[in-house]
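Q: Mind having a look at this structure? Questions to follow.
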Amino acid sequence: MRIVWHSNSPTTNSGYGKMTALFVPRIASLGHEIAAIASPYSFGGSPIEWNGIPILGTARDIAGNDVILRNHEYFGADLTITLADPFGLLRAARELSQINLASWFPVDASPCGYGDVTFLRDSGTVPIAMSVFGRTALEDEGAEPLLVPHGVDLDIYHPGPRTYRDTLPGVTDETFVIGLCAMNRDPNRKGFFEQFAAFARFHGRHPDSFLAVHSSPGGKPGLNLHGMACQLGISTAVGFPDGYSYDLGLITEEQMAAWYNGLDILSLCSYGEGFGLPLIEAQACGVPVITTDASAMTELCGAGFLVSGTPFWSDGHTSMWTRPDISDIEEAYEGAYCAWQNNALPKRQAVEFAQQFAVDRVFEEHWVPALAALEEMFG
């Protein structure tokens, strides 16, 4: 098949960008022709080339609504595959019903959000769920989704030296380091306040702890995380990446793996996740995780702690997320700390769990049959 892939550029460090970089060349290796990568939320201007494939930027709409159909027609595609938030493509949904379309479909709300369901029905897309939770939610809407989870390059993400800790102020081998990796854009979804508040309580009892936050520390449209840390009295126990390197995407995958290896536990207590890639990247490095017992996060906690929450109305989705409970997060931090003190953190279990998401395994077990099904439909 001749395919246009619509998602973040493989040159970006977002989760979608990483999936583009990992899987597009493997799809091409099966003999499918990747005519172009159309990259919303990535850049504007003239196309660039990556591995012999043209990458197109955005035109007038940052999500690419104005060019998805035109890209498909211009490149004479047999199939367009999107990896993007479905509700962000609503403007183009009806016209996309004219083409062969499949969507690697994130679901982070229960039930599926109104915008996602509307896109699913109006576009006629073939949904490809990225979690068992997502597959069930889509089936509840009457769809028959394929299933392809995200993958991780285990040549990069694996247990390694803990040298990253040397870059953290006041951190030694005797410091308990909690990591938090999340984009600072939505005021609620990533649960920054709940995790910061839980850490403030925990740190009050355990001053030998540190919160390493891989995110932008502040500025629109995100939260002022510096101010949050100061207000909670933990500013000296919270660290952020170099802002310049973070904002311009200069932090490499290898540096991210080193960051994970410097942690004792990863905290990803979001309100909802379509997948939650840091959970797998961390566990691949032998770092257990603390995450919300909700959406895709539940099934991605192979080694670590699940925290409970309460329903939270997401007006944008017209559906519900789960707000993680601060006291439950604090209790999980306490449990992880006790395990750390007793050298009993489930590091090996974490590594073993992550093996099922090795990129080549995901490709062979999930993408190959999914592409065969799509070719039977559209080829």
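Q: I need every pair where a residue in region 29-58 that is within 24 Å of Glu376 (Cβ to Cβ) and without any contact (Cβ under 8 Å) to a residue 40 or more places away in the chain has its Cβ under 7 Å from the Cβ of a residue that is basic (Lys, Arg) and surrounded by fewer than 21 Cβ atoms within 10 Å (Cβ to Cβ), sequence separation at least 6 or different chains.
A: Pairs that qualify, where the first residue is within 24 Å of Glu376 (Cβ to Cβ) and without any contact (Cβ under 8 Å) to a residue 40 or more places away in the chain and the partner is basic (Lys, Arg) and surrounded by fewer than 21 Cβ atoms within 10 Å (Cβ to Cβ), are Glu33/Arg2.
Q: Ok, one more. Among the residues of region 91-131, write down those that are surrounded by fewer than 22 Cβ atoms within 10 Å (Cβ to Cβ), in a helix (DSSP H, G or I) and among the polar types (S, T, N, Q).
A: Listed by number, the list holds a single entry, Thr118.
Q: Would you call Gly17 part of a helix (DSSP H, G or I) and without any contact (Cβ under 8 Å) to a residue 40 or more places away in the chain?
A: Details: part of a helix (DSSP H, G or I): yes; without any contact (Cβ under 8 Å) to a residue 40 or more places away in the chain: yes.
The answer is yes for Gly17.
Q: Picking from Ser235, Ser216, Ser267, which residue would you name as being over 25 Å from Ala84 (Cα atoms) and polar (S, T, N, Q)?
A: Just a single option satisfies the conditions, and that option is Ser235.
Results for (1) part of a strand (DSSP E or B); (2) modelled with pLDDT under 95; (3) of a type outside the set (S, T, N, Q), shown as yes or no for each residue.
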{"site": "Trp313", "(1), (2), (3)": "yes, no, yes"}
{"site": "Gly316", "(1), (2), (3)": "no, yes, yes"}
{"site": "Met320", "(1), (2), (3)": "yes, no, yes"}
{"site": "Glu330", "(1), (2), (3)": "no, no, yes"}
{"site": "Leu345", "(1), (2), (3)": "no, no, yes"}
{"site": "Arg348", "(1), (2), (3)": "no, no, yes"}
{"site": "Gln356", "(1), (2), (3)": "no, no, no"}
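Q: Restricting the search to region 28-72, which residues are among the hydroxyl-bearing types (Ser, Thr, Tyr) and assigned to a strand (DSSP E or B)?
A: The answer is Thr58, and nothing else.
Q: Hey, another quick one. Quick check on region 328-338. Is at least one of its residues hydroxyl-bearing (Ser, Thr, Tyr), more than 18 Å from the chain's Cα centre (by Cα) and surrounded by fewer than 20 Cβ atoms within 10 Å (Cβ to Cβ)?
A: Scanning region 328-338 turns up no residue that is hydroxyl-bearing (Ser, Thr, Tyr), more than 18 Å from the chain's Cα centre (by Cα) and surrounded by fewer than 20 Cβ atoms within 10 Å (Cβ to Cβ).
Q: For the structure I just gave you, tell me whether Trp321 is surrounded by fewer than 17 Cβ atoms within 10 Å (Cβ to Cβ) and either among the acidic types (Asp, Glu) or more than 20 Å from Ile156 (Cα to Cα) (or both).
A: The answer is no for Trp321.
The values are calculated or read from the model by the stated rules, or taken from the named source; none is laboratory data. These numbers come from a predicted model, not from an experiment. Glycine gets a Cβ as well: all are built from the backbone with ideal geometry, and neighbour counts include every protein chain shown.
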